[in-house]
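J.: Quick one: this structure, given as structure tokens, is what I'll be asking you about.
The values are calculated or read from the model by the stated rules, or taken from the named source; none is laboratory data. Here the structure is a predicted model, which is why all the values come from computation and not from measurement. FYI the Cβ positions are ideal-geometry reconstructions off the backbone, even for glycines, and counts take in every protein chain you see.
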């Protein structure tokens, strides 16, 4: 299913006011979101390695929203989850999933960035308190992965795997 995003009134205001302090790259993605282009079309136009992450940030900040999926109006489809939405946590935390998320974040950083390049982040991931602590470090983890040559190629796959357990 291909998702189409549209600017919210807040997103429209940001285009003219520039009050949100968006980086030029994130602002450029916001400009290209028009309610007609799918995520795949945007990916072809923008050549952004972290487009899905950027769209998620814009969505969470309220600048864009899902307009349709696979060409059908949103009202005619089932509700879609946020592009970067964390899964809903169970009432009782699952220590196995917490440890899987922690191990995954640490192992991928070691493999793609190296322990020396990510030592501070690795320490904070190890010390993080449960899912909430790991989720607070998610953006920094993703950015570190995307900034590495090999990680850039695998970032979306890794992101999807981590979101299953975090």
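J.: Of the residues that sit in the stretch 143-155 and are touching a helix residue (DSSP H, G or I) at 6+ places or on another chain (Cβ under 6 Å) and farther than 15 Å from residue 105 by Cβ, which one is modelled with the lowest pLDDT?
T.: Looking at the filtered set, the residue picked out is 152.
J.: Looking only at the stretch 1-30, how many residues end up being under 19 Å from the mean Cα position of the chain (by Cα), surrounded by fewer than 13 Cβ atoms within 10 Å (Cβ to Cβ) and without any contact (Cβ under 8 Å) to a residue 60 or more places away in the chain?
T.: Restricting attention to the stretch 1-30, the residues satisfying the condition of being under 19 Å from the mean Cα position of the chain (by Cα) are 1-8, 11, 20-30.
Among the residues that remain, those that are also surrounded by fewer than 13 Cβ atoms within 10 Å (Cβ to Cβ) are: 1-2, 21, 23-25.
Retained after the next criterion (residues that are without any contact (Cβ under 8 Å) to a residue 60 or more places away in the chain): 21, 23-25.
Number of matching residues: 4.
J.: Find the residue count for the stretch 67-99, including only residues that are at pLDDT 75 or above and in a helix (DSSP H, G or I).
T.: Total meeting the criteria: 5.
J.: Next up: Would you pick out the residues in the stretch 112-121 that are over 20 Å from the mean Cα position of the chain (by Cα) and assigned to a helix (DSSP H, G or I)? Can you show your working first?
T.: Applying the first criterion (over 20 Å from the mean Cα position of the chain (by Cα)) to the stretch 112-121 yields 114-117, 119-120.
Selection gives 119, 120.
J.: For the stretch 1-23, name all the residues that are within 23 Å of residue 147 (Cβ to Cβ) and either modelled with pLDDT of 90 or more or in contact with a helix residue (DSSP H, G or I) (Cβ under 8 Å, 6 or more places away or on another chain) (or both).
T.: Matches in the stretch 1-23: 22 only.
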